[in-house]
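Enquirer: The following block contains the structure, expressed as structure tokens.
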Amino acid sequence: MYIRNKMTLIKKSKFANMILLVVLLFIFSQYVDKDKSVPKEKAELVDLVYPLLDTENSRWFFFSSASRPFGMMNLSPDNQIGGAWGSGYRYNTDTIKGFSHIHAWQMAGISVMPVLIPEENPLSIFTDFYSKFSHDKEKITPGYHYLELDRYGISAELTSTNRTGFHQYRYPEGGKTAILFNLNTMLGPCDNSNGKLEQNDEMELSGSVVMEATSRRPKQLTVFFKVKLNTKIAAVEKDIETGNYLVSLENPKEKVLMKLSISYTSIENAEHNMETELPQWDFEEIVADSRAVWNSLLGRIEIEGGSYDDRRRFYTDLWHALQGRRIISDVSGAYPDQTSEKFRIGQLPLDANGHPKFNHYNSDSFWGAQWTLNTLWGLVYPEIMEEFVFSLIQYYKDGGLIPRGPSGGNYTYVMTGASSTPFIVSAIQKGIITEDLDEIYKALKKNHMHGGIMEKSGYEHTTQLGGGLRYYMQNGYVPYPIPEGKFGLHQDGASLTMEYAYQDWTLSQLAKKLDYEEDYQYFLKRSKNYVNVFDKVENWMRPKNVEGKWKENFDPYQKENGFIESNAAQSTWFVPHDLDGLAQLMGGKEKAIQKLNKQFEEAEKLSFAAGTSHALESHPENSRVPINFGNQPSIQTSFIFNQLGRPDLTQFWTRKVITKTFSGITPAVGYNGDEDQGLMGSLNVLIKMGLFQMNGGTEENPVYQIGSPLFKKITIHLNSDYFKGGQFEIEANNNSQENIYINNAEFNDLPIKNYEISHKEITNGGTLNLEMKNTPVKVTN
């Protein structure tokens, strides 16, 4: 009405028409989001999420549309299907190859496609069924995806519950309507084979697919599924050549609805998942319910101030922090266990009402979680952190080791070290995990000793040599190269030494809490081993061989030259538990500050990242960046200044990183590498709130370092089942793009010391008041 009235006020002259055009464009730009979403003033938090972020650079499990938080069901369209990288939903590819239901770490399966069967050569549909589509006719919000298949004139809508996908198709009038079950195909990281489909009733089907083993997930995994339609099935045909199935529909309704639920244990459990979660047929109700679930979790953090795009990007980052890692257990608590030689169906413990006490999960590594998930989940989503800890411990109970990234109910030995140790210790130190602490400590300790996961390098399935743990325990460092040979990925001795040292320190803190004094002293001593790979002459961390000789022709900017997915310049600062000790090695805090500040000045020229995507990281110029916020090894570096007595530099460089690296909101940019199942989304949320935990929150009564918030006000609604404080607020008065420095900091009207605030203070509730200004404040130690 407002726009129409405006139009009647302007005379029809050339000049007036120009004014009219300007006014309309201005009103439109203010009123409507750039990606055709709802009006700004009416937007819910899910409408602020921009699902297309970084989708030009997607990997298989990155993009998610019709999915719940951590849902077993991850239903979305695929337009690239070959390989773990460069697959799934890729924005620049204009062809849909199917809608598949599993997009997880090393897992994929059950691709379907609504089609029209051609009159001539109907069997060609088994091999020729892809369809063009247009982003102009597409709508995506968390939990929902709409697009149109141009080839067929079919509109497709997708949504889901945790374990059941819900499809709604509209077919054009006329033509032979069908749904192709493309069960035997390459999908992302793995081949799908031995696909089976059988009709159970006039509107019901069931089946299974085998996900073939990969180099990272070493055992096959079968996914079972149940299908129910609101339309009668005319015929089910199997193609001899492909082994795939065509389900023809009899007199399809205007809206063809299909429910497809999955289970990794049985068809019966797949059906039970559907009956429990989705007994009804109201598509719009499930879309609304999914929106409500996402709104509830996103709404744990409220923000005020910043630009509209700042707010969109923030909630997009938060959305990514709540997905990627996937449920693998049924509603009954049944789950696939492949930690032993033979497959078995495990059963999660049940509560008094007969419901599982927690879900079981599939996930990529916790490598880098100490600066991301530990802090975000541990403060804002403690119930999620608790579930993941319980799940990790369940793997230990089944297979004897806490994993660092399980897939398909089995160990993958992804990445290196004992990356789950800081995650679990942090949950304990924050009071989220309170029971069976001695047993948990025992399980964690096993990973740090002979026979534990530290002995294994990346994807080292059958041996225990690539991690170099025996050298670390005997000589105080992991040599580079490992003298016995190559057994897996990431056998980079300098990085391994520093990782083990930090993880040992976190374990020592738990030993101290539990009064294991001998263990405390032992692991505390091991935590100093990082000193053994610091070359005081070069002033960098540097690999050395088994004979103790420094690597020759050392170049601190050469990637993966003794350092995992990084160079020496980036990884030298990986001492989050003893930055004072590191500074002392460098000649004192002032010299350390000067060194790190110079690295930031150089890194700014490349926007603090090794390119804008994972594919560009190894480019010769990109790989030499001295600080890289596109991968985990150096994402903590801007907060190191806080620890060394220069909080103004933390504030300055963190805001620079936000602006240059993490403010884009297009399909072309986003995380400048690999988002890694919530790790980088979490990092973005934390630095934009101005909160960080250098040691991952693993010390007694963990503390948070305070940075420079992007927003004027941030409210965290604390989970009352875990924390009694109600809410924690950050008010950054006079905050702006220029006023990035903290002039004064008070919590509940009391001065803040050292730009730190404890977990206990935050979770007891209150307000952190920050007075912002445009000039740095000198801190006297």
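Enquirer: Go through region 332-379 and give me each residue that's open to solvent by 20 Å² or more (accessible area, probe 1.4 Å) and not in a loop (DSSP other than H, G, I, E, B).
Expert: Within region 332-379, Arg344, Ile345, Gln347, Leu350, Pro356 meet the criteria.
Enquirer: Look through region 411-457, keep the residues that are of a type in the set (Gly, Ala, Ser) and more than 23 Å from the chain's Cα centre (by Cα), and return whichever of them is surrounded by the most Cβ atoms within 10 Å (Cβ to Cβ).
Expert: In this case the residue turns out to be Ala443.
Enquirer: Related question: Taking region 265-290 as the region of interest, how many residues are under 18 Å from Pro142 (Cβ atoms) and open to solvent by 50 Å² or more (accessible area, probe 1.4 Å)?
Expert: 4
Enquirer: Report whether or not Met473 is open to solvent by less than 10 Å² (accessible area, probe 1.4 Å) and modelled with pLDDT of 95 or more.
Expert: Criteria not met by Met473.
Enquirer: To continue, here is another question. Mind listing just one residue for me: the one in region 88-135 that is open to solvent by 10 Å² or more (accessible area, probe 1.4 Å), touching a residue at least 24 places away in the same chain (Cβ under 8 Å) and among the hydroxyl-bearing types (Ser, Thr, Tyr) and, of those, farthest from Leu249 (Cα to Cα)?
Expert: Here the residue is Tyr91.
Yes/no matrix, rows are residues, columns are (1) within 23 Å of Asp674 (Cβ to Cβ); (2) in contact with a Lys or Arg (Cβ under 6 Å, 6 or more places away or on another chain):
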| residue | (1), (2) |
| --- | --- |
| Ser607 | yes, yes |
| Gly611 | yes, no |
| Ser618 | yes, no |
| Arg624 | yes, no |
| Thr637 | yes, no |
| Phe641 | no, no |
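Enquirer: Let me ask another. From the list Asn642, Asn672, Asn631, Asn695, which one is closer than 24 Å to Thr767 by Cβ and not basic (Lys, Arg)?
Expert: Just one listed residue meets the conditions, Asn642.
Enquirer: For region 482-496, how many residues are assigned to a helix (DSSP H, G or I) and touching a strand residue (DSSP E or B) at 6+ places or on another chain (Cβ under 8 Å)?
Expert: So the count comes out to 2.
Enquirer: Considering only residues of region 523-564 that are of a type in the set (Phe, Trp, Tyr) and part of a strand (DSSP E or B), which is farthest from Tyr500 (Cα to Cα)?
Expert: Trp550
Enquirer: If you scan region 157-214, which residues turn out to be of a type in the set (A, V, I, L, M) and over 21 Å from Met72 (Cβ atoms)?
Expert: Taking region 157-214 first, the residues of a type in the set (A, V, I, L, M) are 158, 178-180, 183, 186-187, 197, 203, 205, 209-211, 213.
Within region 157-214, Ala178, Ile179, Leu180, Met186, Met203 qualify.
Enquirer: Let me ask you something else. Which one of these does Leu579 not meet: (1) in contact (Cβ under 8 Å) with a residue 24 or more places away in the chain; (2) within 22 Å of Tyr471 (Cα to Cα); (3) of a type outside the set (Ser, Thr, Tyr); (4) open to solvent by less than 30 Å² (accessible area, probe 1.4 Å)?
Expert: Against the list (1) in contact (Cβ under 8 Å) with a residue 24 or more places away in the chain; (2) within 22 Å of Tyr471 (Cα to Cα); (3) of a type outside the set (Ser, Thr, Tyr); (4) open to solvent by less than 30 Å² (accessible area, probe 1.4 Å), Leu579 comes up short only on (2).
Enquirer: Here's another thing I want to ask about it. Which of (1) in contact (Cβ under 8 Å) with a residue 60 or more places away in the chain; (2) crowded, with 21+ Cβ neighbours inside 10 Å; (3) hydrophobic (A, V, I, L, M, F, W, C) is the odd one out, the single condition Ile154 does not satisfy?
Expert: (1)
Enquirer: Those residues that are more than 23 Å from the chain's Cα centre (by Cα) and within 17 Å of Glu756 (Cβ to Cβ), I need them from region 698-715; list them, please.
Expert: Residues satisfying the conditions are Glu699, Glu700, Asn701, Pro702, Val703, Ile706, Ser708.
Enquirer: Looking at (1) over 20 Å from His577 (Cβ atoms); (2) free of Cβ contacts under 8 Å to residues at least 12 places away in the same chain, which is the only condition Glu517 fails?
Expert: (1)
Enquirer: Here are some conditions: (1) modelled with pLDDT of 95 or more; (2) in a loop (DSSP other than H, G, I, E, B); (3) within 30 Å of Gly354 (Cα to Cα). Gly306 meets all but one. Which one does it not meet?
Expert: (3)
Enquirer: Which count do you get for residues in region 158-200 that are outside any strand (DSSP E or B) and within 24 Å of the chain's Cα centre (by Cα)?
Expert: Number satisfying all stated conditions: 4.
Enquirer: Given the conditions (1) over 20 Å from Ser64 (Cα atoms); (2) buried (at least 21 other Cβ atoms within 10 Å of the Cβ); (3) out of contact with any strand residue (DSSP E or B) (no Cβ under 9 Å at 6 or more places or on another chain), which single one is not true for Phe224?
Expert: Condition not satisfied by Phe224: (3).
Enquirer: Which of the residues belonging to region 42-69 are in a loop (DSSP other than H, G, I, E, B) and of a type in the set (A, V, I, L, M, F, W, C)?
Expert: If the condition is that a residue be in a loop (DSSP other than H, G, I, E, B) and of a type in the set (A, V, I, L, M, F, W, C), then Ala43, Val49, Leu52, Leu53, Trp60, Phe61, Phe62, Phe63 are the ones that fit.
Enquirer: When Phe574 is evaluated against the numbered criteria (1) free of Cβ contacts under 8 Å to residues at least 12 places away in the same chain; (2) assigned to a loop (DSSP other than H, G, I, E, B); (3) touching an Asp or Glu at 6+ places or on another chain (Cβ under 9 Å), which criterion, by number, is the only one it fails?
Expert: (1)
Enquirer: While we're here: Just the residues that are open to solvent by 20 Å² or more (accessible area, probe 1.4 Å) and either part of a strand (DSSP E or B) or touching a helix residue (DSSP H, G or I) at 6+ places or on another chain (Cβ under 9 Å) (or both), please, taken from region 70-86.
Expert: Across region 70-86, the qualifying residues are Gln80, Gly82, Trp85, Gly86.
Enquirer: Show me the strands (runs of 3 or more DSSP E) entirely contained within region 627-745 in which 3 or more residues are buried (at least 20 other Cβ atoms within 10 Å of the Cβ).
Expert: Filter on region 627-745 gives 703-706, 727-733.
Enquirer: State all residues of region 384-410 that are under 29 Å from Val209 (Cα atoms), touching a helix residue (DSSP H, G or I) at 6+ places or on another chain (Cβ under 7 Å) and surrounded by fewer than 24 Cβ atoms within 10 Å (Cβ to Cβ); if no residue qualifies, say none. Lay out the reasoning, then the answer.
Expert: Of region 384-410, the ones under 29 Å from Val209 (Cα atoms) are 387-388, 390-410.
This time we only want the ones that are touching a helix residue (DSSP H, G or I) at 6+ places or on another chain (Cβ under 7 Å), so: 392-393, 396, 401-404, 406.
Listed by number, the residues that qualify are Ile393, Tyr396, Leu401.
Enquirer: Only one of (1) in contact with a Ser or Thr (Cβ under 7 Å, 6 or more places away or on another chain); (2) more than 30 Å from Ile730 (Cβ to Cβ); (3) part of a loop (DSSP other than H, G, I, E, B); (4) open to solvent by less than 10 Å² (accessible area, probe 1.4 Å) fails for Lys259. Which number is that?
Expert: Here Lys259 meets the rest and fails (3).
Enquirer: Okay, moving on. Residues to consider are Lys132, Lys97; find the one that is within 18 Å of Asn192 (Cα to Cα) and of a type in the set (Lys, Arg).
Expert: Answer to the check: Lys97.
Enquirer: Could I ask something else about it? Kindly list the number of the only condition in (1) modelled with pLDDT under 95; (2) at positive phi; (3) not aliphatic (A, V, I, L, M) that fails for Pro252.
Expert: (2)
Enquirer: Something else: Which of the residues spanning region 741-781 are over 28 Å from the mean Cα position of the chain (by Cα) and of a type in the set (Val, Ile, Thr)?
Expert: Within region 741-781, Ile742, Ile752, Thr767, Thr775, Val777, Val779, Thr780 qualify.
The values are calculated or read from the model by the stated rules, or taken from the named source; none is laboratory data. As the structure is a prediction and not an experimental result, all values here were calculated from the model. Cβ atoms come from the backbone with ideal geometry, glycine included; neighbour counts cover every protein chain shown. In case anyone asks, the SASA skips ligands and DNA or RNA and just uses the protein heavy atoms, side chains included. Shrake-Rupley method; radii C 1.70, N 1.55, O 1.52, S 1.80 Å.
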